[in-house]
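Have a look at the structure below before the remarks.
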Amino acid sequence: MSAQSMLVAVGLWSAVVLPLLAGPALADQPEDHGKALLTRMCSSCHAVGLTGNSPHPGAPAFRTIGTRYNIAELTERMTDRLVSVHPDMPDFQFSEQDAKAVRSYLYSIQR
């Protein structure tokens, strides 16, 4: 095999195999997935991270939500259909995997 063919083979192997190897590592980080979901779906009203104020004055920062709600119960309700009595909050329904990821993230940031 020529040096050029070897480089092409290594490049193809890297492009195909390395992402597959990274997949399980990403799956081992549910907090990252939970944060991404909350950032995408909730950050227009709630402070999602360890610092900052919620953009919506009445929306609790997620880092302190455990003082207002039981996180396990809240995230369990997410799989049924999270319905809020607050008129500005939309209804959501999460998969079980997504709800577990959100739960992991919320537990990891509580202050």
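Bear in mind that the values in this text are calculations on the coordinates, not laboratory data. Every value quoted in this text rests on a predicted model; they were computed, and no experiment measured them. All Cβ positions, even for glycine, are placed from backbone atoms using ideal geometry, and neighbour counts span all protein chains on display.
What distance in nm lies between label points placed 7 Å from Cα along the C-beta direction at Asp80 and Thr67?
2.7
Considering the zone a paramagnetic label at Thr39 would reach in this model (a point 7 Å from Cα along the Cα-to-Cβ line), which residues of segment 46-80 have amide N under 17 Å from it?
Under cut-off, by backbone N: 46-55, 62-63.
Based on Cβ point charges of +1 for Lys and Arg and -1 for Asp and Glu, what charge dipole magnitude is obtained for segment 29-109 about its Cα centre, in debye rounded to the nearest 20?
Magnitude of the dipole: close to 180 debye.
Which of the chymotrypsin sites (Phe, Trp or Tyr not before Pro) found in segment 27-101 are in a DSSP loop and have at most 13 neighbouring Cβ atoms, other than their own, within 10 Å?
Of the chymotrypsin sites (Phe, Trp or Tyr not before Pro), the ones in loops of segment 27-101 whose Cβ has at most 13 other Cβ atoms within 10 Å are Tyr69.
Around Gly34, with a cut-off of 12 angstrom between Cβ atoms, what is the net charge of the other residues, counting Lys and Arg +1 and Asp and Glu -1?
+1
Ratio to report: Rg/Rh of segment 29-109, with Cα atoms as the point set and Rh obtained by the Kirkwood method; give two decimals.
For segment 29-109, the value is 0.92.
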